[in-house]
Amino acid sequence: MLESLLGVANLNRLQSLETEIPEHYTLDDIASRIPGSVAKAGRQETALEVVLYISRSECITWDSDQASKLVKGVGESLLSPNTGPDQEMAALVAEAGIACLHLISVTWSYNLDDSTLLKLVAFTDLRDPWVTNKAVKVASGLLREQLTASTMAGFIIGPVLQTFLKPLFAKSSSRVTASGRPAHYQETAEKGRQPPKTSSWKALAPWAISTLRWAVDASEPSLIKDHWPLFTPVLLALAEDESTDVKSRGLEILALFVGKCPAQILQTTGIGLIFEDVTFPALLYLPSLTPEQESTKLLVPAYDVLIRLAETHQPSQSLNRRRLLDKLLREGVFAAYFHASQYARLVQILMEMISSVMEDPFAMAYPPAILAATKALGVTITSCWPRFNEGENLGQIIRILSLCWLNVCGDDTAPTPDSDGVNAISRELVQTSNMLQSVWAQSHATPPEGLEKVLENEPRLTKLFPKFLSPTRPSAS
């Protein structure tokens, strides 16, 4: 059983402790030792002793006061996220402490208090330096077991959002009021006046990011609908942070939030527009001013946020949806390409964004967006053609062109199709396909395996790739 709770390092240390626990030890003796363990190594041994004692004592007598004392000691002394030089040992201590809480919960069917549950939330993200794989798995499972459907919402609203996060981020953004609603008039600082010094959440509680992510992930859309102002100050603070790591994780959480927040809330309250304003600047964190690795780390979640915001506008041909997609292509994809097209990883991300537009079956509601994306694809092929001889890239280009072509040929969703726009897209797709086929011819590369079979099964594609038809088989008219 302990193998499912502890990693290798703690299990190895546990073996050397198995004979060191006196037989006369009581639950009170074990609990009283925890606060006295100052050194991290001492805390690890004490935590593992508690694990051993509880795992061996299925039939020991106990009362609620003893259990409460033990849980309090574990929470206060062992569950301490640490980013300092001894964070590796602190992570092992926390792993052992979380194992203690799991055993207490299972052995005695004990309900953990909100304060202890809040500490567990800090250990639910593998990217944090103070966690181990086992700690994340056990902490996440323990939270699911302890918080039922009837208690989850209250825990998120109260201890997590109002008690913990709200005080940390109360004055984090001028875009929203103290209550978390959009600010109609943003305050401007007086010249020469220094802003008041406030304690940074990074120093006080760097695990706030993981806590917010857990809260958003665990929230139902109905909870977000009723209590969205409690989320917005923290979401905006993280998305606007100067640190690339914080900003990227903040944008990831924002994308998750937008995916759960009802479209009516995003559009009628104005908070959706604020999310747009916060996210668009991240699209311009480009090389060489921003290192390529940091740039790609920001672009992926930023595009995710904006595409999800666009999808909230219904119907698919709505003016607001068109406006946002058009802005996304012009100020995002095109600007990034012309500024930093020599960076391969960046081009790959932009290709993924282009494909998301061209493969959308509803995108024909606004032909100019498809036409612009197709032209961008053609320019990308022209500039980066050596990379398109690689199988994966080649297959991606063929898929994008094929799906877009089929959407054009078979589109009947638009009530009043723009024939000029459709014809322009068709011509651009054929031109782009010819360009791609010329690249193959010049490099003497062979067409992707299975392409001829696809053309046989889908005759509408023969106009797009006529050079790869069997000589005995005419193209579709």
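All of the numbers you see were taken from the coordinates with simple rules; none came from a lab. What you see is a predicted model; the values in this text were computed from it and never measured. Ideal geometry is used to build each Cβ from the backbone, glycine not excepted, and the neighbour counts take in all protein chains shown.
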How do W207, W62 rank when sorted from fewest to most other Cβ atoms within 10 Å of their own Cβ?
W62, W207
Rounded to the nearest 20 debye, dipole of the stretch 2-146 from Cβ charges on Lys, Arg, Asp, Glu:
360 debye
Sites E220 and E145, calculated FRET efficiency, Cβ-Cβ separation with R0 25 Å, nearest 0.05:
0.85
Residues whose modelled amide H sits under 5 Å from the amide H of V176, counting only those 5 or more places away in sequence or on another chain, are A183
A correct fewest-to-most ranking of V74, V278, V136 by other Cβ atoms within 10 Å would be V136, V278, V74
Packing rank of 261-268, 138-145, 288-295, where each peptide gets the mean count of other beta carbons within 10 Å, highest leading:
138-145, 261-268, 288-295
What is the distance, in nm, between label points placed 7 Å from the Cα along the Cα-to-Cβ direction at S80 and at L126?
2.8 nm
Residue-span extension gain [R181 to N111] - 0.36 nm each, minus C-alpha spacing:
21.7 nm
So which of K166/K247; K171/K297; K166/K225; K166/K202; K327/K463; K137/K202 end up more than 22 Å apart by C-alpha?
K171/K297; K327/K463; K137/K202
